[in-house]
Amino acid sequence: MNENSVVAKIQQINDQTDHYIKQIREAHKLSTKGSHLSFVSYFSHSLSVAEEKGEDHVLLGNYTVKNTGTVPIHSPVLFIRIQSDTEFSFSGKYKQGKSTANIQIPWERLEVEGSNPSSEYWLKPSRETTIGVNEQVVFQNFQLKWTYENRAQLLVEGFTYSQEVKEGIASLNSISVRG
């Protein structure tokens with residue numbers, strides 16, 4: 001092979017490589033153009049177990065909604081349902097009804113017809129909320145308490161609704177306590 005044919009062969013390989021790179025970039029653009037709605041919701045929690053009469057068992061939890069899709073999620077609504085065979089108290093940072101105080105509370109409890117107000121909690125962010133791609137919202141530090149004397153069997157389930165998902169999606173996990 002002479003020098004001219006080697007140079008021509010190298011140029012041909014470079015042109016072919018450039019063509020392949022261009023095709024790969026176009027295929028990548030097409031694959032990322034498709035938008036899809038996807039999110040996950042889940043509980044994280046810790047439990048403080050009472051050891052003596054007069055003390056309360058305390059479950060401290062968070063409910064997280066993370067956008068794993070390629071489009072924003074608008075107006076999220078959380079539904080937390082608690083099934084229990086014993087009395088419990090549920091508290092968290094949410095307002096209920098009309099509030100005249102100037103205190104900013106991040107979540108608002110909704111009144112939903114047909115819902116059991118002592119065991120079903122419908123919550124939405126106090127401000128209009130959009131969950132961006134790879135972002136999340138968290139209902140933080142809710143508490144469930146029940147007395148040492150009451151042996152409890154609790155099941156906490158979560159569902160997330162949005163403007164785009166009106167039928168709701170169940171959380172990845174639930175919280176189950178027995179004892």
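The values are calculated or read from the model by the stated rules, or taken from the named source; none is laboratory data. This one's a predicted model, so the numbers in the text were calculated from it and none came from an experiment. Here the Cβ positions follow ideal geometry from the backbone for every residue, glycine too, while neighbour counts run over all protein chains shown.
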Checking residue 116 against (1) polar (S, T, N, Q); (2) loosely packed, with under 13 Cβ neighbours inside 10 Å; (3) not in a loop (DSSP other than H, G, I, E, B), which single condition isn't satisfied?
(3)
From the set of residues in the range 64-88 that are assigned to a loop (DSSP other than H, G, I, E, B) and among the polar types (S, T, N, Q), which is nearest to residue 178 (Cα to Cα)?
86
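Applying the selection to the range 89-113, what residues are part of a strand (DSSP E or B), at pLDDT 90 or above and not charged (D, E, K, R)?
If the condition is that a residue be part of a strand (DSSP E or B), at pLDDT 90 or above and not charged (D, E, K, R), then 89, 90, 91, 94, 107, 110 are the ones that fit.
Which of the following residues is at pLDDT below 95, on the phi > 0 side of the Ramachandran plot and surrounded by fewer than 16 Cβ atoms within 10 Å (Cβ to Cβ): 134, 150?
134
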If you go through the range 91-103 one residue at a time, do you hit one that is out of contact with any helix residue (DSSP H, G or I) (no Cβ under 9 Å at 6 or more places or on another chain) and within 21 Å of residue 147 (Cβ to Cβ)?
yes
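Take the residues in the range 141-179 that are assigned to a loop (DSSP other than H, G, I, E, B) and in contact with a Leu (Cβ under 8 Å, 6 or more places away or on another chain), then tell me which one is farthest from residue 56 (Cα to Cα).
Going through the qualifying residues, I end up with 164.
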Hey, among 166, 124, which residue is surrounded by 13 or more Cβ atoms within 10 Å (Cβ to Cβ) and among the basic types (Lys, Arg)?
124
